[in-house]
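As C-alpha coordinates, the structure follows; a few thoughts come after it.
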Amino acid sequence: KIPLFWKTMIQTVYDKKANCGLLRLAVPARLALKLALLALIMALFAVPLKAQENSNPSGYPLPRFASLRSEPINVRKGPGLRYEVAWVFVKEGLPVEIIQEFDTWRKIRDLDGQEGWIHQNLLSGARSGYIAPWNAEAKVPIRARANKDAKIRAWLTSKYLIKIKRCDGNFCEVSAANNSGVGRPDYSGFVEQAQIWGAYPNEIFK
(Lines give C-alpha, C1' and ligand atoms only; values in the text may rest on other atoms or scores of the structure.)
Protein backbone atom coordinates (compact mmCIF):
# COMPACT_ATOMS: atom_id res chain seq x y z
CA LYS A 1 0.00 0.00 0.00
CA ILE A 2 1.41 3.37 -1.05
CA PRO A 3 1.14 6.08 1.63
CA LEU A 4 -0.95 9.12 0.83
CA PHE A 5 2.17 11.32 0.67
CA TRP A 6 3.71 9.26 -2.12
CA LYS A 7 0.42 9.06 -4.02
CA THR A 8 0.74 12.78 -4.66
CA MET A 9 4.30 12.33 -5.93
CA ILE A 10 3.86 9.24 -8.12
CA GLN A 11 1.81 8.58 -11.17
CA THR A 12 0.94 4.99 -12.08
CA VAL A 13 0.91 4.02 -15.69
CA TYR A 14 -0.74 0.68 -16.31
CA ASP A 15 0.28 -1.26 -19.38
CA LYS A 16 -2.46 -3.82 -20.11
CA LYS A 17 -0.42 -5.68 -22.73
CA ALA A 18 2.50 -6.24 -20.39
CA ASN A 19 0.04 -6.78 -17.54
CA CYS A 20 2.25 -4.87 -15.14
CA GLY A 21 2.27 -1.61 -13.29
CA LEU A 22 4.96 0.93 -14.06
CA LEU A 23 5.72 3.66 -11.59
CA ARG A 24 6.79 6.95 -13.08
CA LEU A 25 7.76 10.01 -11.09
CA ALA A 26 5.58 12.97 -11.85
CA VAL A 27 7.35 15.89 -13.55
CA PRO A 28 7.26 18.10 -10.42
CA ALA A 29 8.59 15.25 -8.31
CA ARG A 30 11.47 14.59 -10.70
CA LEU A 31 12.40 18.27 -10.64
CA ALA A 32 12.34 18.28 -6.86
CA LEU A 33 14.56 15.19 -6.79
CA LYS A 34 17.09 16.80 -9.13
CA LEU A 35 17.19 19.94 -7.00
CA ALA A 36 17.67 17.87 -3.86
CA LEU A 37 20.56 15.95 -5.44
CA LEU A 38 22.14 19.21 -6.62
CA ALA A 39 21.88 20.70 -3.13
CA LEU A 40 23.47 17.57 -1.65
CA ILE A 41 26.39 17.71 -4.09
CA MET A 42 26.96 21.41 -3.37
CA ALA A 43 26.91 20.75 0.37
CA LEU A 44 29.46 17.95 0.05
CA PHE A 45 31.91 20.04 -1.96
CA ALA A 46 31.38 23.44 -0.32
CA VAL A 47 33.71 22.85 2.64
CA PRO A 48 36.65 21.36 0.69
CA LEU A 49 36.46 24.13 -1.91
CA LYS A 50 36.41 26.81 0.76
CA ALA A 51 39.36 25.22 2.51
CA GLN A 52 41.25 25.11 -0.78
CA GLU A 53 40.61 28.80 -1.42
CA ASN A 54 42.02 29.74 1.99
CA SER A 55 45.01 27.41 1.87
CA ASN A 56 48.52 28.73 1.25
CA PRO A 57 52.03 27.23 1.37
CA SER A 58 53.17 29.05 4.51
CA GLY A 59 50.08 28.31 6.56
CA TYR A 60 49.92 31.93 7.71
CA PRO A 61 46.75 33.99 7.21
CA LEU A 62 46.18 36.17 4.17
CA PRO A 63 46.40 39.06 3.88
CA ARG A 64 49.13 39.97 6.38
CA PHE A 65 51.83 42.59 6.77
CA ALA A 66 55.57 42.02 6.50
CA SER A 67 58.65 44.14 5.80
CA LEU A 68 61.51 44.12 3.32
CA ARG A 69 64.52 42.20 4.61
CA SER A 70 67.20 43.83 2.45
CA GLU A 71 67.88 46.23 -0.40
CA PRO A 72 67.60 46.46 -3.34
CA ILE A 73 64.72 44.07 -4.00
CA ASN A 74 63.31 43.26 -7.42
CA VAL A 75 59.54 43.05 -7.59
CA ARG A 76 58.47 40.81 -10.46
CA LYS A 77 55.31 40.55 -12.55
CA GLY A 78 54.88 36.87 -11.69
CA PRO A 79 56.01 34.24 -9.16
CA GLY A 80 59.41 33.31 -10.60
CA LEU A 81 62.74 34.58 -11.89
CA ARG A 82 61.56 34.16 -15.48
CA TYR A 83 59.10 37.01 -15.01
CA GLU A 84 60.02 40.58 -15.84
CA VAL A 85 60.99 43.01 -13.07
CA ALA A 86 58.13 45.45 -12.48
CA TRP A 87 60.00 47.80 -10.14
CA VAL A 88 62.77 47.83 -7.52
CA PHE A 89 62.63 48.62 -3.81
CA VAL A 90 65.77 50.53 -2.84
CA LYS A 91 65.26 50.70 0.93
CA GLU A 92 65.00 47.88 3.44
CA GLY A 93 62.49 47.78 6.28
CA LEU A 94 59.56 49.16 4.31
CA PRO A 95 56.15 47.64 5.09
CA VAL A 96 54.29 45.61 2.47
CA GLU A 97 51.09 43.60 2.54
CA ILE A 98 51.21 39.95 1.47
CA ILE A 99 48.01 39.17 -0.41
CA GLN A 100 48.76 35.85 -2.17
CA GLU A 101 51.22 32.95 -2.10
CA PHE A 102 52.58 30.59 -4.72
CA ASP A 103 55.21 28.08 -3.68
CA THR A 104 58.08 30.19 -2.26
CA TRP A 105 56.85 33.43 -3.83
CA ARG A 106 54.67 36.07 -2.23
CA LYS A 107 52.45 38.57 -4.00
CA ILE A 108 52.71 41.89 -2.21
CA ARG A 109 50.95 45.23 -2.26
CA ASP A 110 52.78 48.41 -1.33
CA LEU A 111 51.60 51.66 0.18
CA ASP A 112 50.55 53.02 -3.22
CA GLY A 113 48.53 49.93 -4.13
CA GLN A 114 51.06 48.52 -6.61
CA GLU A 115 51.22 44.72 -6.68
CA GLY A 116 54.01 42.33 -7.60
CA TRP A 117 55.87 39.18 -6.58
CA ILE A 118 58.84 38.80 -4.19
CA HIS A 119 60.66 35.66 -3.05
CA GLN A 120 59.88 34.76 0.55
CA ASN A 121 63.56 35.00 1.59
CA LEU A 122 63.47 38.73 0.87
CA LEU A 123 60.67 39.34 3.37
CA SER A 124 60.81 39.59 7.14
CA GLY A 125 58.22 39.06 9.84
CA ALA A 126 59.45 42.22 11.58
CA ARG A 127 56.72 44.81 11.47
CA SER A 128 56.95 48.37 10.25
CA GLY A 129 54.42 50.91 9.09
CA TYR A 130 53.58 54.40 7.90
CA ILE A 131 51.80 57.10 9.84
CA ALA A 132 48.40 58.03 8.33
CA PRO A 133 49.41 57.99 4.64
CA TRP A 134 45.79 58.66 3.66
CA ASN A 135 45.96 62.17 5.17
CA ALA A 136 48.70 64.43 3.83
CA GLU A 137 48.05 66.97 6.61
CA ALA A 138 48.18 64.44 9.44
CA LYS A 139 50.08 65.12 12.66
CA VAL A 140 49.89 62.09 14.92
CA PRO A 141 51.23 62.11 18.49
CA ILE A 142 53.59 59.47 19.81
CA ARG A 143 52.79 59.15 23.52
CA ALA A 144 54.63 57.96 26.61
CA ARG A 145 51.94 55.38 27.40
CA ALA A 146 49.13 53.56 25.59
CA ASN A 147 46.58 56.14 26.61
CA LYS A 148 45.01 59.08 24.78
CA ASP A 149 45.74 61.31 27.77
CA ALA A 150 49.40 60.29 28.11
CA LYS A 151 52.22 62.77 27.61
CA ILE A 152 53.11 63.52 23.99
CA ARG A 153 56.76 62.87 23.16
CA ALA A 154 56.69 63.95 19.52
CA TRP A 155 54.44 64.59 16.54
CA LEU A 156 54.74 62.36 13.48
CA THR A 157 53.64 63.56 10.06
CA SER A 158 51.92 61.65 7.26
CA LYS A 159 53.91 58.72 5.79
CA TYR A 160 56.45 58.82 8.62
CA LEU A 161 58.17 55.41 8.66
CA ILE A 162 58.01 53.59 12.00
CA LYS A 163 59.04 50.24 13.44
CA ILE A 164 56.25 48.41 15.23
CA LYS A 165 57.13 46.37 18.30
CA ARG A 166 53.65 45.24 19.34
CA CYS A 167 49.97 46.19 19.10
CA ASP A 168 47.09 45.58 21.51
CA GLY A 169 44.23 46.42 19.15
CA ASN A 170 44.08 50.08 20.18
CA PHE A 171 47.68 51.27 20.48
CA CYS A 172 50.97 50.12 19.00
CA GLU A 173 54.35 50.48 20.66
CA VAL A 174 56.63 51.96 18.01
CA SER A 175 59.97 53.61 17.38
CA ALA A 176 60.82 56.17 14.74
CA ALA A 177 64.02 57.81 13.57
CA ASN A 178 64.38 61.52 14.28
CA ASN A 179 64.90 62.97 10.82
CA SER A 180 65.11 66.56 12.03
CA GLY A 181 68.65 66.24 13.35
CA VAL A 182 67.60 68.03 16.53
CA GLY A 183 67.14 66.41 19.93
CA ARG A 184 67.13 62.68 20.59
CA PRO A 185 68.28 60.34 17.77
CA ASP A 186 64.95 58.52 17.69
CA TYR A 187 61.49 58.48 19.20
CA SER A 188 59.76 55.65 21.01
CA GLY A 189 56.32 55.35 22.51
CA PHE A 190 52.75 54.55 21.61
CA VAL A 191 50.65 55.52 18.59
CA GLU A 192 46.97 54.88 18.03
CA GLN A 193 46.66 51.76 15.89
CA ALA A 194 44.03 53.33 13.64
CA GLN A 195 46.66 55.86 12.50
CA ILE A 196 49.07 53.23 11.13
CA TRP A 197 49.31 51.60 7.71
CA GLY A 198 51.06 48.36 8.62
CA ALA A 199 48.73 47.02 11.32
CA TYR A 200 45.13 45.98 10.81
CA PRO A 201 42.33 47.43 12.95
CA ASN A 202 41.99 45.41 16.18
CA GLU A 203 45.01 43.24 15.27
CA ILE A 204 46.91 42.04 18.33
CA PHE A 205 50.52 40.83 18.23
CA LYS A 206 53.74 40.97 20.25
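Per-structure values
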| read-out | value |
| --- | --- |
| Residues located in the range 104-142, provided they are within 18 Å of the chain's Cα centre (by Cα) and of a type in the set (Phe, Trp, Tyr) | Trp105, Trp117 |
| Filtered residues of the range 81-107 (kept if more than 28 Å from Ile196 (Cα to Cα), free of Cβ contacts under 8 Å to residues at least 24 places away in the same chain and assigned to a loop (DSSP other than H, G, I, E, B)) | Leu81, Arg82, Glu84 |
| Test: residue in the range 120-142 that is outside the structural domain of Val191 (by TED's automatic domain parsing), outside any loop (DSSP other than H, G, I, E, B), surrounded by 13 or more Cβ atoms within 10 Å (Cβ to Cβ) and without any contact (Cβ under 8 Å) to a residue 24 or more places away in the chain | no |
| All positions within the range 176-206 that are at pLDDT below 95, closer than 27 Å to Gly113 by Cβ and of a type in the set (Gly, Ala, Ser) | Ala176, Ala177 |
| Matching residues, the range 146-160, being in contact (Cβ under 8 Å) with a residue 40 or more places away in the chain and touching a strand residue (DSSP E or B) at 6+ places or on another chain (Cβ under 6 Å) | Ala146, Ala150, Lys159 |
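The values are calculated or read from the model by the stated rules, or taken from the named source; none is laboratory data. Since we're looking at a predicted model, the values are computed, not measured. Cβ: placed from backbone, ideal geometry, glycine included. Neighbour counts: every protein chain shown.
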